[in-house]
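Engineer: A single structure is presented below for examination.
Bear in mind that the values in this text are calculations on the coordinates, not laboratory data. Worth saying up front: this structure is predicted, and the values here are computed from it rather than measured. Here the Cβ positions follow ideal geometry from the backbone for every residue, glycine too, while neighbour counts run over all protein chains shown.
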Amino acid sequence: MAGEISVSVGKNKEAEKTTVIRMRFARSGPPVWLAHLDLMRTFERSVRRAALPIAYTRGFNPRPQLTFALPLGVGLATEDDYVDLTMLEPIDPQSAVDQLNLFLPSGLTVLTGGVVSAKDPSLMSLIQAAEYLLEGQGISAAAKRIAGLPQGQPWLVEKNQKGNMVTVDIRPLLMDMYDESLDRLFIQVKAGSKSNLRPKLFLDALVRLGGLNPLAAADTAITRTKLLIADGSGGLKSPLPRSGAFRQR
């Protein structure tokens, strides 16, 4: 493919010179129906077409070195997602953002970018929490009912875990929730490789324990509005450098 740079990076002097650009992106419209693997392939293809100096993995099937923060379910929009791109040479983050946006499909937009240390832990391992906006009929009333349950009562729902249905208590995974109106609810939940509450499981709890109409739950629009990492002092902040801390309510 014209403009494609295919250079593998291993544990050598060349790898030590790589630059990692962390990009914040949003998706809406048709791209919300992309599965995570398809989203990865879309970014890989766009990076190649943009002729960015991307590093490639080693092995028989070299792939562009892209690392995403946290997979997002099919059908969910996002205003705040992240991907790390390992570059073979220093590059201005804004130039990389502008160039990549020329080749991404409509509905996928890189909003900003910044340089992070190549020695930092992986992006996925840094994620601690996520915030979602849920928009659906009667959702705030159902949330108030479930919040009014006795403090020690678990919020039990069923989830598919490796092909088996298991019962889990999601209450410890909810960090905060607040409403803007009768039909708009924000939730902040634990997220990442250690603990992760998917918003659809929260909706299941609202149906089971909060009296939310199952049809209303199925029609609820879900948008991820924030991904957050620890700020080192008990709070949370954006994964992008120098973007300020976001503390829990």
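Engineer: Which order, highest average first, do 186-196, 231-241 follow once you tally other Cβ atoms within 10 Å for each residue and take the mean per peptide?
Structural biologist: Details: 186-196: 17.3, 231-241: 15.1.
Highest-to-lowest ranking by the protection proxy: 186-196, 231-241.
Engineer: Same structure, new question: Once the piece of chain linking MET124 and LYS159 is laid out straight, how much longer is it, given 0.36 nm per residue of separation minus the C-alpha distance between them?
Structural biologist: On the way: separation 35, 0.36 × 35 = 12.60 nm, distance 2.22 nm.
Full extension from MET124 to LYS159 adds 10.4 nm.
Engineer: Next up: With runs of 4+ DSSP H residues as the only contributors, calculate the mean residue ellipticity of the chain at 222 nm using -39,500 (n - 2.57) per run, divided by the residue total and rounded to the nearest 500. Provide the component values of the computation, followed by the final result.
Structural biologist: Details: 7 runs with 58 residues, N = 249.
Value at 222 nm, helices only, nearest 500: -6500 deg cm²/dmol.
Engineer: Distance between Cα centroids, region 205-229 to region 23-70: provide it in whole Å.
Structural biologist: 28
Engineer: With unit charges on the beta carbons (Lys and Arg positive, Asp and Glu negative) and the dipole taken about the Cα centre of region 122-249, which residue among PRO150, THR167, LEU126 sits farthest to the positive side?
Structural biologist: Checking the options against the dipole of region 122-249, the answer is LEU126.
Engineer: Something else about it: Relative to the longest principal axis of the chain, what angle (0 to 90°, nearest 10) does the C-alpha long axis of helix 199-210 take?
Structural biologist: Helix 199-210 and the main axis of the chain meet at about 0 degrees.
Engineer: Could you list TRP33, TRP155 so that the one with the fewest beta carbons within 10 Å of its beta carbon is first and the one with the most is last? Mind showing how you got there, number by number?
Structural biologist: Working: TRP33 12, TRP155 21.
So the residues, fewest neighbours to most, are TRP33, TRP155.
Engineer: Please list 172-181, 63-72, 159-168, 120-129 highest first by mean number of surrounding beta-carbon atoms within 10 Å per residue.
Structural biologist: Details: 172-181: 14.7, 63-72: 18.5, 159-168: 9.1, 120-129: 16.7.
Answer by packing, highest mean first, reads 63-72, 120-129, 172-181, 159-168.
Engineer: Right, another one. So for region 34-187, averaging the separation of alpha carbon pairs under 8 Å that are six or more residues apart and normalising by length, what relative contact order in percent results? Intermediate values should be presented prior to the final figure.
Structural biologist: Values: 161 pairs, mean separation 29.4, N = 154.
This gives 19 percent for region 34-187.
Engineer: Related question: How far is helix 36-49 tilted, in degrees, relative to the longest principal axis of the Cα atoms in the chain, given as a value from 0 to 90 rounded to the nearest 10?
Structural biologist: The angle comes out near 30 degrees.
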